[in-house]
Amino acid sequence: MKFTTLIILILGFCKSFSQIKNVEIITKKNDTIKNVELKMGHISKTNLEILLQEKIVYLDKTGSKIKLLPTDVNSFSFIYDDEVLRFENIQDRGFALEMYSNKLKLFKLITRAFNVYIIKKPNGKVIYMEAKGLSRLISKKEITKEMSDCQSIIQKVEDKTLSVQGEAGVIELVKDYEMNCN
């Protein structure tokens, strides 16, 4: 009896603190789907990111489940725990979480072995950088290979004046690349 009560309390806690609101889906036909409920259950943000990389499942107004794949959707967004999360289609391969958007856009994909940071340039070119290892950092070798058109970035990474530590460091790397080389 105590175990059942504990489970009910945990589920109630998760439901009240992990709500997905204001879902907006932009299809490939440029139709906008609003005010639908994502069929996700109550999970952590990281697990949510992983589950939404391959498909979106939502309930339409009649309660039917609708599954959309990257070939069907340009982007989608919603509010999760008072934070707007925006996902964009990356070359019809999957959906990636937007981390930064200006002239350049930065996205993140999560795999079991590593994170992949994706930079979309205004000309349509896409750069993929893998963050491997236990610390999930982008290596100097990876930055040098993918940003070879920007010697100032490579020099700053070599001199350690630009530190790419964690997600904030990756965002700073992209901002510097955008400002000085793009």
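To keep it simple, each residue is scored yes or no on (1) within 20 Å of residue 43 (Cβ to Cβ); (2) of a type in the set (A, V, I, L, M).
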{"residue": "61", "(1), (2)": "no, no"}
{"residue": "75", "(1), (2)": "no, no"}
{"residue": "86", "(1), (2)": "yes, no"}
{"residue": "104", "(1), (2)": "no, yes"}
{"residue": "139", "(1), (2)": "no, no"}
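Given the options 175, 156, 141, 132, name the one that is touching a residue at least 60 places away in the same chain (Cβ under 8 Å), among the basic types (Lys, Arg) and over 24 Å from residue 72 (Cβ atoms).
Exactly one residue qualifies, and that residue is 175.
Looking at the structure I just gave you, is residue 118 surrounded by fewer than 18 Cβ atoms within 10 Å (Cβ to Cβ), touching a Leu at 6+ places or on another chain (Cβ under 9 Å) and under 26 Å from residue 68 (Cβ atoms)?
no
What is the one condition in (1) in a strand (DSSP E or B); (2) farther than 28 Å from residue 84 by Cβ; (3) basic (Lys, Arg) that residue 145 does not satisfy?
Going through (1) in a strand (DSSP E or B); (2) farther than 28 Å from residue 84 by Cβ; (3) basic (Lys, Arg) one by one, residue 145 breaks only (1).
For segment 93-119, which positions are more than 23 Å from residue 37 (Cα to Cα) and free of Cβ contacts under 8 Å to residues at least 24 places away in the same chain?
93, 101, 105, 107, 111, 112, 113, 114, 115, 116
How about segment 94-151: which of its residues are more than 17 Å from the chain's Cα centre (by Cα) and among the hydroxyl-bearing types (Ser, Thr, Tyr)?
Residues satisfying the conditions are 135, 139, 144, 148.
This table checks each residue for (1) touching a strand residue (DSSP E or B) at 6+ places or on another chain (Cβ under 9 Å); (2) of a type outside the set (S, T, N, Q); (3) at pLDDT 90 or above; (4) under 16 Å from residue 26 (Cβ atoms).
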{"residue": "46", "(1), (2), (3), (4)": "yes, no, no, no"}
{"residue": "70", "(1), (2), (3), (4)": "yes, yes, yes, yes"}
{"residue": "76", "(1), (2), (3), (4)": "yes, yes, yes, yes"}
{"residue": "97", "(1), (2), (3), (4)": "yes, yes, yes, yes"}
{"residue": "104", "(1), (2), (3), (4)": "yes, yes, yes, no"}
{"residue": "114", "(1), (2), (3), (4)": "yes, yes, no, no"}
{"residue": "118", "(1), (2), (3), (4)": "yes, yes, yes, no"}
{"residue": "133", "(1), (2), (3), (4)": "no, yes, no, no"}
{"residue": "144", "(1), (2), (3), (4)": "no, no, no, no"}
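Could you look through segment 127-150, keep only residues that are of a type in the set (S, T, N, Q) and in contact with a helix residue (DSSP H, G or I) (Cβ under 8 Å, 6 or more places away or on another chain), and pick out the one that is surrounded by the most Cβ atoms within 10 Å (Cβ to Cβ)?
144
Take the residues in segment 159-172 that are of a type in the set (Val, Ile, Thr) and in contact (Cβ under 8 Å) with a residue 12 or more places away in the chain; name whichever of them is surrounded by the most Cβ atoms within 10 Å (Cβ to Cβ).
164
In segment 56-109, which residues are assigned to a strand (DSSP E or B), small (Gly, Ala, Ser) and loosely packed, with under 14 Cβ neighbours inside 10 Å?
Of everything in segment 56-109, just one residue is assigned to a strand (DSSP E or B), small (Gly, Ala, Ser) and loosely packed, with under 14 Cβ neighbours inside 10 Å, namely 101.
Taking segment 148-165 on its own, how many of its residues are hydrophobic (A, V, I, L, M, F, W, C) and in a loop (DSSP other than H, G, I, E, B)?
Residues meeting the conditions: 3.
The values are calculated or read from the model by the stated rules, or taken from the named source; none is laboratory data. Model, not experiment: these values are computed from the prediction. Using ideal geometry, Cβ is built from the backbone for each residue, glycine included, and neighbour counts are taken over all protein chains shown.
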